[in-house]
Amino acid sequence: MIGAKKKAVRLQIIEALGGRCMWSDGCTMGENCGPQTDPDMLHIEHKNGGGNQERKMFGRKREFNYIRNTISGTGAAAPSPGYYKIILDRVTSGSTDYQLLCANHNFKKHAIDRCCNKKENRGKVPCPCAA
Ligand SMILES: [Zn+2]
Ligand SMILES: [Zn+2]
């Protein structure tokens, strides 16, 4: 269960990132076949696939202040360490590492990463996953 405070920060991130699925071919998973805008259906997606590694890193309190200081440059210790707070800081200070994807397109992205983006499959037409 996600805490209310954490949820509020998550909503701020979603707002800062445009509030809708940014699937490159256009998202039609929302109301009236428009882009998905329901925050409960949106994933905050690390564009370069570093999400798992980053979560692990940010999840460790010991390394938190180091990372926090590197990002913000303030040198101040965070009052309440949190992964979402760090992302919000990065997004509002102009980071382009994050995007929103709806649940369906997040799933699709991972499917593509597992197949079409593999070195041995790149440029193959059709891709093995289409067969
Ligand atoms: Zn979508
Ligand atoms: Zn593929």
### Message
Quick check: residue separation of Asn32 and Leu11 times 0.36 nm, minus the Cα distance between them. What number comes out in nm?
### Response
5.3 nm
### Message
Give me, ordered by chain and number, the residues 5 or more places off Tyr98 or on other chains with an amide H under 5 Å from its own placed amide H.
### Response
Lys47
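Listed highest first by mean packing, meaning other Cβ atoms within 10 Å per residue, what order do 123-129, 35-41 come in? It would help to have the intermediate numbers written out before the result.
Values: 123-129: 10.1, 35-41: 16.3.
The most tightly packed comes first, giving 35-41, 123-129.
No value in this document is a laboratory result; all are computed from the given coordinates. Small disclaimer: the values here were computed from a predicted structure and weren't measured. Cβ sites come from the backbone with ideal geometry, for glycine too, and all protein chains shown count toward neighbours.
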